[in-house]
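What follows is a set of notes on a single structure, which appears directly below.
The values are calculated or read from the model by the stated rules, or taken from the named source; none is laboratory data. Remember, predicted model here, so these are calculated numbers, not experimental data. Here the Cβ positions follow ideal geometry from the backbone for every residue, glycine too, while neighbour counts run over all protein chains shown.
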Amino acid sequence: MLTIADDAVVDPSVRLLHRDGDRDIAIGARTRIYRGTEILGPVDIGDDVFVNRDAYIRPGVRLGDRVNLGPFVRLITDTHEIGGHDKRAGAVRHDPIVVGAGTWIGAAATVVAGVTIGAGCIVAAGAVVTSDVPDDTLVGGVPATRIRRLR
């Protein structure tokens with residue numbers, strides 16, 4: 001099922017890929033999603049969220065209230081079991097990504113499967129987040145590391 005709050009603004013070019021029952025997408029109040037974004041449910045987007053152009057959001061993502069995503073952000077829950085010698089990319093699975101309220105993820109950052117980013121964080125542009133980030137922390141780099149604690 002697709003649920004979009006009455007006052008949310010979703011550009012007509014946004015691809016919302018959902019199926020009733022197993023790929024639900026919920027978009028909260030006053031949320032804005034700009035052009036070129038693709039969302040494959042299930043995904044839950046809170047209130048007052050801003051998604052800049054060309055974001056890529058995969059199944060199992062949960063964005064808290066007041067989250068901001070820069071352009072070209074990728075939230076990739078897809079991963080694989082480790083297969084045998086002949087094909088290392090085994091069975092596909094989607095490990096959830098959770099982004100806490102008030103967090104800002106900068107342009108072209110990537111967050112990989114299974115990561116939780118706490119509330120009030122900043123992820124620097126171009127970072128690749130491969131492990132959990134505590135509340136009120138600034139991270140950056142490849143892989144992303146703690147730069148400093150935020151007040």
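Values for this structure:
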quantity: Candidate set from the stretch 1-23 (those that are under 14 Å from E38 (Cα atoms) and charged (D, E, K, R)); member that is surrounded by the fewest Cβ atoms within 10 Å (Cβ to Cβ); calculated: R15
quantity: Residues of the stretch 56-86 classified as closer than 14 Å to T103 by Cβ and assigned to a loop (DSSP other than H, G, I, E, B), total; calculated: 6
quantity: Within the stretch 87-99, considering residues that are more than 10 Å from the chain's Cα centre (by Cα), of a type outside the set (K, R) and assigned to a strand (DSSP E or B), the one nearest to Y34 (Cα to Cα); calculated: H94
quantity: Top-ranked residue in the stretch 93-151 [being touching a residue at least 24 places away in the same chain (Cβ under 8 Å) and hydroxyl-bearing (S, T, Y); ranked as nearest to G60 (Cα to Cα)]; calculated: T110
quantity: Any pair with Cβ under 6 angstrom, 6 or more apart, that starts in the stretch 29-41 at a residue that is under 22 Å from H94 (Cα atoms) and ends at one that is hydroxyl-bearing (S, T, Y); calculated: E38/Y56
quantity: Tally of residues being touching an Asp or Glu at 6+ places or on another chain (Cβ under 6 Å), within 17 Å of V10 (Cβ to Cβ) and of a type in the set (A, V, I, L, M, F, W, C) across the stretch 41-88; calculated: 0
quantity: Per-region count, the stretch 100-151, residues among the polar types (S, T, N, Q) and outside any loop (DSSP other than H, G, I, E, B); calculated: 4
quantity: Failed criterion for D95 (all others in (1) modelled with pLDDT of 95 or more; (2) closer than 24 Å to F50 by Cβ; (3) not small (G, A, S) hold); calculated: (2)
quantity: Among (1) in contact with a strand residue (DSSP E or B) (Cβ under 9 Å, 6 or more places away or on another chain); (2) within 20 Å of D78 (Cα to Cα); (3) surrounded by fewer than 20 Cβ atoms within 10 Å (Cβ to Cβ), the one test that I45 misses; calculated: (3)
quantity: Residue within the stretch 31-44 that is assigned to a strand (DSSP E or B), polar (S, T, N, Q) and more than 19 Å from I122 (Cβ to Cβ) present; calculated: no
